[in-house]
Amino acid sequence: MNVLNNIQSIRKEFPILNTTVNGNKLIYLDNAATSQTPNCVIDSISNYYKNLNSNIHRGVHTLSQLATEKYEDTRKKFKTHFNAKSSSEIIFTSGTTHSINLVSSGFTNFLNDKDEIIVSQLEHHSNIVPWQMLCEKTGAKMKVIPMNDKGELDLNAFSNILSFKTKIVFINHVSNALGTVNNIQEIIEKSHSVGAAVLIDGAQAVPHFEVDVRKLDVDFYVCSAHKFCGPTGVGILYGKKEWLDKLPAYQGGGEMIDDVTFEKTTYSELPNKFEAGTPNIAGVIASGIALDYINNIGLENIKEYEDYLLSYATEKLLEIDGLKIYGESKNKTSVISFNIKSIHPYDIGSLIDNLGIAVRTGKHCAQPIMDFYKIPGTVRISFCFYNTTDEIDTLVNALKKASIMLSQ
Ligand code: PMP
């Protein structure tokens, strides 16, 4: 489907895009925080509670069996989408943050104070803090891959800090603050050459392009459904079977057990071992519908259109006097972070919110990046395939006015 030719019919699928905010038609440019949901996803949730609501994996009754079937079919959809070897390598969680915590807490069993782990300067706090907690528990040391002025990782520096002491490397595929697409293939190959595992935070990649976990040979890949038009509260953790078998269970409870006595409990096989308790059944099923929706448009079409929006917006924004863009990597997607002169990003964000334009301002949960540039934060716009060049024009005009007002 050519997105450019179908943009108006695509937009009609998203009821929120026709609402007004502060008396103006909503222009939603905060998709990296969360994307909007199309009718098919909203209907899936409503249909679940109207017709299917029951608990999964435990009932002999028809509703429970139907709900279980849909839930497990959704797992197969993600298996196929990511090209995993088996559905049991797909674990449903509550989000990227939960997925990372599941893996990092499991590594407590594998690390000691002689070990090292590697993060990058480009990370979201979700991919820093859980690993710092791991270091506190085990005594392992965390090393950092530095970035350059363009917002790209220095892979020579990575080679220098990587060693046989390194046990795991955790990097995002795309930076939520700058839009940089990292060369994860090279990072994975180098890490494996010293026997280190790799976790890739794909929260900002999965909505924008294809990901093939087997081609990448990645050990763990994590993302959140709400970033690709799904509901909040659902995450996907892909893990190689060898690793998921080795990792200890994260939470104890129903569903994840094989046999329970007061003396000893044995755990279920994958994937149940990591899905204790009643999951977000309606949300998981609706995430599968969101996945079908973006695949129906086609990720190649989405990428092509969003690249067009990115270059259109970059060019227009740079016409604004005193505007500086942070993150100028050649390989970048769907995010533009900027400041205008020395105006505080929050002031710009609040002013244009009055005009119905939703952008994010602040540190974007990536304080080390802001510290690198020595700035308090940025204004960030981030695209989805339903955004238009008209919306970008309206934004640019609003920014020009805001800049004049706030410079006085
Ligand atoms: N990593 C990245 C790169 C993100 O952009 C986000 C969300 N902003 C997260 C992790 C955390 O995702 P969630 O809040 O859905 O757990």
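Between the range 156-175 and the range 40-112, the C-alpha centres lie 30 angstrom from each other. Over 19 Å apart at the Cα level, from the set 114/165; 143/246; 227/303, are 143/246. The residues of the chain expose on average 43 square angstrom of accessible surface per residue, using a 1.4 Å probe on protein heavy atoms. Once C-alpha pairs closer than 8 Å and six or more residues apart are averaged by separation and normalised to the residue number of the chain, the relative contact order reads 22 percent. Kirkwood radius and radius of gyration were both taken over the C-alpha atoms of the chain, and their ratio Rg/Rh is 0.98. Phi angles across the range 44-52 convert, under the Karplus curve 6.51 cos²θ - 1.76 cosθ + 1.60 with θ = phi - 60°, into 3J(HN,Hα) values of 4, 5, 5, 4, 4, 6, 7, 10, 10 Hz, Gly and Pro given as x.
Of the accessible area of the chain, computed with a 1.4 Å probe over protein heavy atoms only, carbon and sulfur atoms account for 50 percent. On C-alpha positions alone, give me the angle between the axis of helix 96-106 and the longest principal axis of the chain, in degrees, nearest 10. It works out to around 40 degrees. Other residues within the sphere of radius under 15 Å centred on the Cβ of residue 408, judged by their own Cβ, net out at +1 (K and R +1, D and E -1).
In straight-distance terms, cross-link reach from residue 76 covers every one of the aspartates and glutamates whose alpha-carbon lies under 17 Å from its own, apart from those fewer than eight places away in the same chain; here that gives 89, 210, 212, 269, 275, 292. Of 215/332; 77/330; 150/241, which pairs sit farther than 28 Å apart, going by alpha carbon to alpha carbon? Checking Cα-Cα distances, 77/330; 150/241 exceed 28 Å. The spacing between the range 280-328 and the range 1-37, judged by their C-alpha centroids, is 12 Å.
Relative to the longest principal axis of the Cα atoms of the chain, the long axis of helix 389-407 lies at roughly 70 degrees.
The values are calculated or read from the model by the stated rules, or taken from the named source; none is laboratory data. These numbers were taken from a predicted model, which means no experiment stands behind them. Every residue, glycine as well, gets a Cβ built from its backbone with ideal geometry; the counts of neighbours run over all protein chains shown. With ligands, DNA and RNA removed, areas are computed over all heavy atoms of the protein, side chains included. Shrake-Rupley method; radii C 1.70, N 1.55, O 1.52, S 1.80 Å.
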